[in-house]
Amino acid sequence: MNNTLRTALSIAVNLAMAYVAYTICRLAFLLENWDQYTLSLTWQSAIKMFRGGLWFDTSAICYTNILYVVLAMLPFSTDSRKWYRMLTKLAYIIPNALCIVLNLGDSVYYPFGHHRITTRTFNEFGNEDNLGRIFGIEFINHWYLVLLAALMIWGMWRLYRPARLFFRPSTWKKWVADIVAIGCVVVVGIWGMRGATFFTSTRPIAVSNAHQFATRPAEANVVLNTPFSLIRTIGKRPPMVPTYFTTGAELDSIYTPLHHAAPDSAVQRRKNVVILIVESFATEFIGGLNNNRALDDSTYRGYTPWMDSFIPQTLTYEHTIANTGVSIDAMPAILSSIPRMSYGFFLSPYSLNHITSFATELKNWDYHSAFFHGGTNDSMGFQAFARGAGFEEYYGLDEYCEDDRFNGKDDFDGTWAIWDEEFLQYYALKMSEMPQPFVTGVFTASSHHPFAIPERYKDRFKDEGIHQLHKCIRYTDYSLGRFFETASKQPWYDNTIFVLTADHSSSKKTHDVYKTDAGDNHVPIVIFDPSGEMPRGMQEGIMQQLDILPTVLGWLGYDRDYIAFGNDVLATAPDDRWAFNWIFVPQLYMGRYFLQTDTECNITGLYDYIDDVLMRNNLMDSMPEQGAKMQRKVKGLMQSYFERMEADSVRVRQSADTF
């Protein structure tokens with residue numbers, strides 16, 4: 001066998017080991033997140049996902065092993081270049097070891113991000129200084145994945161087959177043979193990077209291509225691998241503005257985010273507005289919101305005794321839906337009625353746009369505005385968004401530590417922020433120092449990984465639930481009760497509208513009804529008016545986070561036009577209300593139906609999410625008119641969003657260029 005064939009065989013064997021490693025990582029990803037997929041997984045769907053994963057693995061392996069292949073193919077002598085042989089081996093081991101670590105690490109991150117790690121993930125956590133501690137905790141908690149990574153990397157080192165590096169060609173025939181061999185490797189490499197079976201396509205495969213191997217959107221994350229997701233999102237630009245509707249009149253007849261001023265006859269209520277965004281406070285945990293749900297466990301119990309007693313005093317709706325999948329998207333949705341479109345507003349090129357918010361609109365009525373979060377002041381970009389959304393003041397860890405009524409850094413949870421109980425007390429008292437009327441918001445943190453509670457409550461809030469998070473939910477529920485107890489004694493309390501919701505649902509689900517794509521996004525949205533002027537009780541239909549801004553402004557009798565992508569639920573009939581989110585793909589709730597489309601807005605699923613809670617029966621073929629109606633709404637929302645965002649983005653860039 002000549003050197004060319006020996007080299008080709010060695011490369012093939014080593015790359016085959018990389019394929020095996022990726023497949024093991026994919027299996028580990030699936031097993032680590034088994035609860036996310038068990039409802040829909042069959043042998044056929046699993047085979048389809050793993051088969052499809054080979055094409056994405058091929059692309060990632062070709063990218064990450066390109067240096068190794070080039071070094072292995074160059075015509076240097078094997079006898080006189082020992083250092084070169086070691087360099088070639090390291091060029092193989094190091095990238096593949098990194099890919100193993102990324103893939104296995106992503107199996108732990110996935111429940112929190114709801115997607116594979118991309119370049120935008122690093123932007124999301126770019127300002128955090130506690131990641132070392134978090135990684136250390138996960139390193140210990142998932143020791144078995146650390147061991148698996150070590151075994152795979154060790155195995156690749158031991159089983160690595162050194163290339164029979166070329167001797168310098170001594171004849172023109174050998175030169176030709178080597179050039180042809182290298183040329184073939186280049187062609188195969190380009191073919192692999194583009195996605196193997198997609199060679200005939202006009203463009204390489206993208207992250208979105210994974211959906212064609214999935215029976216439900218969440219399964220696309222099993223098909224993918226993390227190195228591919230990172231590579232394919234480097235420098236990715238926002239999607240083109242869609243043109244589903246050719247005229248503005250046609251688009252506005254389907255959907256418009258323009259809300260008109262209240263009529264002159266409307267009552268104006270210049271009440272304070274207080275918005276509580278509670279970390280991971282999913283509907284599943286709240287007993288008072290599960291009385292009529294088709295739960296699969298007759299022994300269901302909640303973890304929120306205070307919230308259960310609070311809900312009957314509030315206005316809420318049968319189905320309350322999050323528009324977000326991660327914390328960083330919650331503030332735009334809740335405070336500005338801006339949906340997530342493929343990726344979050346805050347990390348998009350539109351993040352400098354002029355936006356509507358509670359602060360910007362109510363400033364027209366001389367409201368004072370402030371936002372609170374107990375983390376470091378640059379944590380998660382919350383302060384940056386609050387400033388961009390027009391909030392005049394921001395109170396974070398720094399400001400809390402300056403208040404001698406509290407214990408400063410001693411109240412820090414060690415990872416994220418000030419404990420919920422103390423920070424919510426601080427929040428209640430600081431509002432008493434503000435001029436009325438005011439609009440404020442707070443983002444809690446304690447019901448979050450690594451699932452710790454203050455030492456003094458270890459015996460009170462024990463691990464009585466199935467997951468460690470449940471004791472944190474109980475602690476946060478208690479902290480909310482303490483907040484309202486203190487707030488009720490403040491002079492501003494009776495003249496205030498309170499809104500309480502979650503940033504997103506939780507990854508730690510127990511009941512099957514909340515593990516489906518339709519059930520996954522349920523969070524509480526409750527509005528409380530201590531004066532009793534606002535309606536109370538459970539109302540019919542849907543409310544989403546995007547509806548909070550227009551609903552509150554409508555109730556206040558706001559007298560100006562503004563842009564909000566949600567509905568005023570108090571002024572919109574139940575049949576006309578809807579909820580949208582883009583967690584994996586665009587999804588729309590309308591009436592009793594739940595629609596899923598691909599990223600090009602082609603319908604992939606239609607379900608009766610009320611009676612068919614486990615999404616067993618796809619109605620897209622049997623109810624084409626309902627699907628088409630909902631599809632038009634999704635198209636209208638998407639086109640209006642991107643048209644308005646792009647137009648304002650251009651104005652911002654042009655304005656910046658003039659300075």
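The values are calculated or read from the model by the stated rules, or taken from the named source; none is laboratory data. Quantities reported herein were computed from a predicted structural model and do not represent experimental measurements. All Cβ positions, glycine included, derive from the backbone under ideal geometry; neighbour counts span all protein chains shown. We work out accessible area using only protein heavy atoms, side chains counted, and drop any ligands, DNA or RNA first. Shrake-Rupley method; radii C 1.70, N 1.55, O 1.52, S 1.80 Å.
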Subject >> Those lysines that a straight Cα-Cα span of less than 28 Å connects to Lys515, excepting residues fewer than 8 apart in one chain >> reply: Lys48, Lys462, Lys471, Lys629, Lys633, Lys635
**OP:** With label points built 7 Å along Cα→Cβ from the Cα atoms of Ala12 and Arg536, find their separation and express it in nm.
**Re:** 7.6 nm
Subject >> Accessible solvent surface per residue of segment 579-627, calculated while the other protein chains remain in place, 1.4 angstrom probe, Å² >> reply: 41 Å²
Original post:
Can you give the accessible area of Leu570, probe radius 1.4 Å, in Å² rounded to 10?
Top reply: 70 Å²
**OP:** Could you rank the peptides 387-394, 562-569 by their average count of other C-beta atoms within 10 Å per residue, with the highest value first?
**Re:** 562-569, 387-394
**OP:** Mind running the shape call on segment 545-659? Use the C-alpha gyration tensor, a ≥ b ≥ c as the square roots of the eigenvalues: rounded below 1.5 for a/c, prolate if a/b tops b/c, oblate otherwise.
**Re:** oblate
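Just check segment 333-387 against the gyration tensor rule for me: Cα atoms, a ≥ b ≥ c as the square roots of the eigenvalues, rounded for a/c under 1.5, and otherwise prolate or oblate depending on whether a/b exceeds b/c. Before the final figure, lay out each step's value.
Working: a/c = 2.19, a/b = 1.18, b/c = 1.85.
Taking the square roots of the gyration eigenvalues as a ≥ b ≥ c, segment 333-387 is oblate.
Tally up the carbon and sulfur contribution to the accessible surface of segment 463-554 as a whole percent, 1.4 Å probe, everything protein left in place. Show your work: numbers first, answer last.
On the way: 1060 of 2500 Å².
Answer for segment 463-554: carbon and sulfur cover 42 percent of the accessible area.
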Original post:
Accessible area, 1.4 Å probe, largest first: how do Val146, Val222, Val69 sort?
Top reply: Val146, Val69, Val222
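From the protein chains alone at 1.4 Å, what is the descending order of accessible area for Tyr144, Tyr493, largest first? Mind showing how you got there, number by number?
Numbers: Tyr144 90, Tyr493 30 Å².
Ranked from most to least accessible, the order is Tyr144, Tyr493.
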Original post:
Hey, how many Å between the Cα centroid of segment 346-388 and the Cα centroid of segment 262-291?
Top reply: 19 Å
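Which of rounded, prolate, oblate describes segment 467-619, given a ≥ b ≥ c as roots of the alpha-carbon gyration tensor eigenvalues and a/c under 1.5 marking rounded, otherwise prolate only if a/b is larger than b/c? Don't skip to the answer; put the middle values down first.
Working: a/c = 2.38, a/b = 1.36, b/c = 1.75.
In terms of gyration-tensor shape, oblate.
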